[in-house]
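Colleague: This is the structure I have questions about; it appears just below.
The values are calculated or read from the model by the stated rules, or taken from the named source; none is laboratory data. Given the structure is predicted, the values throughout are model-derived calculations rather than measurements. Neighbour counts are summed over all protein chains in view; Cβ atoms, including those assigned to glycine, are modelled from backbone coordinates with ideal geometry. To get the accessible areas, we keep the full protein, side chains included, count just its heavy atoms, and leave off ligands, DNA and RNA. Shrake-Rupley method; radii C 1.70, N 1.55, O 1.52, S 1.80 Å.
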Amino acid sequence: MKYFVIILLSFTLNVIAANAQPGTLDESFGDQGKVINKAFYGNCYTIALQQDGKIVTGGYYYNESLKKTAAIIARFNSDGSLDNGFGENGEVLIYESEGENAVGPTSIAIQADGKIVICTRFMDVAEGDVGLIRLNTDGGIDNSFDKDGIAIKSVGKNDLIGEMMLQPDGKILVTGMKGVKESGISPVYALRYLTNGKPDESFGENGLVVLPSTISVRTISALELQIDGKILLAGYDFSRNYTIIRLLADGDLDNLFSEDGIANLIIEKTDQFSSDLEDIALQSNGKILACGSAGSSGDQMTLARFNSDGSVDSTFGEKTGYSILPMPSGLSKAYNVYSNNDESIILTGYYNTGLNTEDFGVVKYNNKGIIDSSFGVNGIGTTSFDFDTYDIGRSSIIQPDGKIVISSSVDIADGNDEQNIALVRFNNEVILPITYNKFTATQTKEYVANHHRIKQQIFCCRA
């Protein structure tokens, strides 16, 4: 979820870099750079940044007494404190619509007017559908969206959602895998909605594109929009190779991209360890960054780059088109990738030091795919909560001042088998001075904050 939209403000924000070492915790945030929400239980899968600096998180909640699942949306102030003016004491719970229960959101996006768009699955006993929810700025359901603030679409038998993002014109893009019978291969789908939650009939067939099942894709997890309106869908195929598909603005496959609309990168792996693609980002020259994990000795953070035509950029990283984070032991994985003005690249995710713990991890590379040792410790920043061994940073944003916020779910070991929303914030150098204008299409996709990041100057999330 990421693009070059810019929001109208009446001023230019000139950001001054802090003296704090990039890659260290920002001690002005929460408690020494860390936040744990103990006001209520709930997982955190995705995060977004508002124009005013407030942080919106989305995740999964199970109400034991009601025996129901819900999507839980929370909002935090810029200092990490809970925003009690949002919803009920900082949280909004959405349980069901049309007889289906909401489960964990995969993406959140903030519109230019401050309204919050949430993409989540809605499930009954046997099937899952694609759902969009829109909240007003105070957390209340926006009943002007679709017919009751919630739009639910059944693409197939049991649909999966990869990512959602907003276009510069406010239209909403969603991609994922269409559910089919157990014996079938799930094809890739893309949906586009108008700003009112209705299907965009100019896209595919009544707002829906389903690609042929002959396109061998196992999972779609990422979505990007080019300046020319072309759409990138990314994931990995059944051989666990990185895969990027490009569609034209109307949803047709772009056969000028890698000759057939589909680009692949074979990543080093073995029978024991495989590769995953989790996110993509565009650079101003049209090159495509991709991140995830790979490795022949264990899954490790991986950064790859494609040229704008879909070919692998053989000048990048280890001259193979990708870089695998060198680790003496343990595992790591990148869930988000950011391009900083084509000068440096940030990955966020988790980093395992070999002590059977997953820590929040941030890694900085230069534009050639080489680790920047001036960041953190030898290019890597990590942190963890002492009482939890699985601090997996699944989603992140980068603020206009360059600071990096990563979200996760942690178990605070209070005797309940529940998890709590957790945030950490790392120092980082300023990304660039930002001039806000309304929908200026000339600015490149160098994102200043979040399907979903630094990637959307409309301050939206992915991912």
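Colleague: Got at least one residue in segment 213-220 being within 30 Å of L135 (Cα to Cα) and of a type outside the set (G, A, S)?
Modeller: Within segment 213-220, the subset within 30 Å of L135 (Cα to Cα) is 219-220.
Subsequent filtering for residues that are of a type outside the set (G, A, S) retains 219-220.
Yes; the residues of segment 213-220 include at least one that is within 30 Å of L135 (Cα to Cα) and of a type outside the set (G, A, S).
Colleague: Here's something else I'd like to know. Could you pull out the residue among K157, K115 that is open to solvent by 40 Å² or more (accessible area, probe 1.4 Å), closer than 26 Å to N336 by Cα and basic (K, R)?
Modeller: K115
Colleague: Can you name the residue in segment 187-243 that is assigned to a loop (DSSP other than H, G, I, E, B) and aromatic (F, W, Y) and is also farthest from N307 (Cα to Cα) among such residues?
Modeller: Per the criteria, the residue is F203.
Colleague: Kindly indicate which of A102, A190 is open to solvent by less than 30 Å² (accessible area, probe 1.4 Å), modelled with pLDDT of 95 or more and touching a strand residue (DSSP E or B) at 6+ places or on another chain (Cβ under 7 Å).
Modeller: It is A190.
Colleague: Can you find, within segment 229-261, the residue that is nearest to I161 (Cα to Cα) among those that are modelled with pLDDT under 95 and of a type in the set (D, E, K, R)?
Modeller: Only one residue fits best here, namely D237.
Colleague: From G59, G80, grab the single residue that is buried (at least 18 other Cβ atoms within 10 Å of the Cβ) and in a strand (DSSP E or B). Can you show your working first?
Modeller: Working: G80 fails: in a strand (DSSP E or B).
Within the list G59, G80, the selection yields G59.
Colleague: Would segment 416-433 turn up any residue that is open to solvent by 10 Å² or more (accessible area, probe 1.4 Å), at pLDDT 60 or above, out of contact with any Gly (no Cβ under 6 Å at 6 or more places or on another chain) and charged (D, E, K, R)?
Modeller: The answer is yes; a qualifying residue exists.
Colleague: Tell me which residues, restricted to segment 140-151, are open to solvent by less than 40 Å² (accessible area, probe 1.4 Å) and either touching an Asp or Glu at 6+ places or on another chain (Cβ under 8 Å) or within 18 Å of D200 (Cβ to Cβ) (or both).
Modeller: If the condition is that a residue be open to solvent by less than 40 Å² (accessible area, probe 1.4 Å) and either touching an Asp or Glu at 6+ places or on another chain (Cβ under 8 Å) or within 18 Å of D200 (Cβ to Cβ) (or both), then F145, D146, G149, I150, A151 are the ones that fit.
Colleague: Here is a further query. Within segment 120-135, is there a residue that is part of a loop (DSSP other than H, G, I, E, B), modelled with pLDDT of 95 or more and touching a strand residue (DSSP E or B) at 6+ places or on another chain (Cβ under 8 Å)?
Modeller: No: segment 120-135 contains no residue that is part of a loop (DSSP other than H, G, I, E, B), modelled with pLDDT of 95 or more and touching a strand residue (DSSP E or B) at 6+ places or on another chain (Cβ under 8 Å).
Colleague: Pull up segment 180-229, narrow it to residues that are of a type in the set (G, A, S) and touching a Gly at 6+ places or on another chain (Cβ under 6 Å), then point me to the one that is nearest to Y338 (Cα to Cα). I'd like the intermediate steps shown before the answer.
Modeller: So in segment 180-229, the residues of a type in the set (G, A, S) come out as 183-184, 186, 190, 197, 202, 204, 207, 213, 216, 221-222, 229.
Those still in the list that are touching a Gly at 6+ places or on another chain (Cβ under 6 Å) too: 204, 221.
Details: G204: 30, S221: 16 Å.
The extreme case among them is S221.
Colleague: Any chance you could count how many residues in segment 121-139 are open to solvent by 50 Å² or more (accessible area, probe 1.4 Å) and among the hydrophobic types (A, V, I, L, M, F, W, C)?
Modeller: 3
Colleague: Yes or no: D342 closer than 22 Å to I231 by Cα and either among the small types (G, A, S) or at pLDDT 95 or above (or both)?
Modeller: Against the criterion (closer than 22 Å to I231 by Cα and either among the small types (G, A, S) or at pLDDT 95 or above (or both)), D342 does not qualify.
Colleague: When you scan segment 326-336, do you find a residue that is among the polar types (S, T, N, Q), open to solvent by less than 10 Å² (accessible area, probe 1.4 Å) and modelled with pLDDT under 90, even just one?
Modeller: yes
Colleague: Now for a different question. Where the second residue is among the polar types (S, T, N, Q) and the first is farther than 12 Å from R305 by Cβ and lies in segment 277-288, which pairs have Cβ atoms under 6 Å and are six or more apart or on separate chains?
Modeller: Filtered contacts from segment 277-288: E278/S221; D279/N336; S284/T444.
Colleague: Oh, and also: What do you reckon, is V103 under 29 Å from P212 (Cβ atoms), of a type in the set (A, V, I, L, M) and not in a strand (DSSP E or B)?
Modeller: It is false that V103 is under 29 Å from P212 (Cβ atoms), of a type in the set (A, V, I, L, M) and not in a strand (DSSP E or B).
Colleague: So in segment 345-361, with the set limited to residues that are of a type in the set (S, T, N, Q) and assigned to a strand (DSSP E or B), which one is modelled with the lowest pLDDT?
Modeller: Initial filter on segment 345-361 (of a type in the set (S, T, N, Q)): 348, 352-353, 356-357.
Pick out the ones that are also assigned to a strand (DSSP E or B) and you get 348, 352.
Details: T348: 96, N352: 79.
Per the criteria, the residue is N352.
Colleague: Hey, another quick one. Given the conditions (1) at pLDDT 85 or above; (2) polar (S, T, N, Q); (3) within 24 Å of I55 (Cα to Cα); (4) surrounded by fewer than 24 Cβ atoms within 10 Å (Cβ to Cβ), and given that S373 satisfies all but one, which numbered condition is not satisfied?
Modeller: Among (1) at pLDDT 85 or above; (2) polar (S, T, N, Q); (3) within 24 Å of I55 (Cα to Cα); (4) surrounded by fewer than 24 Cβ atoms within 10 Å (Cβ to Cβ), the lone unmet condition for S373 is (3).
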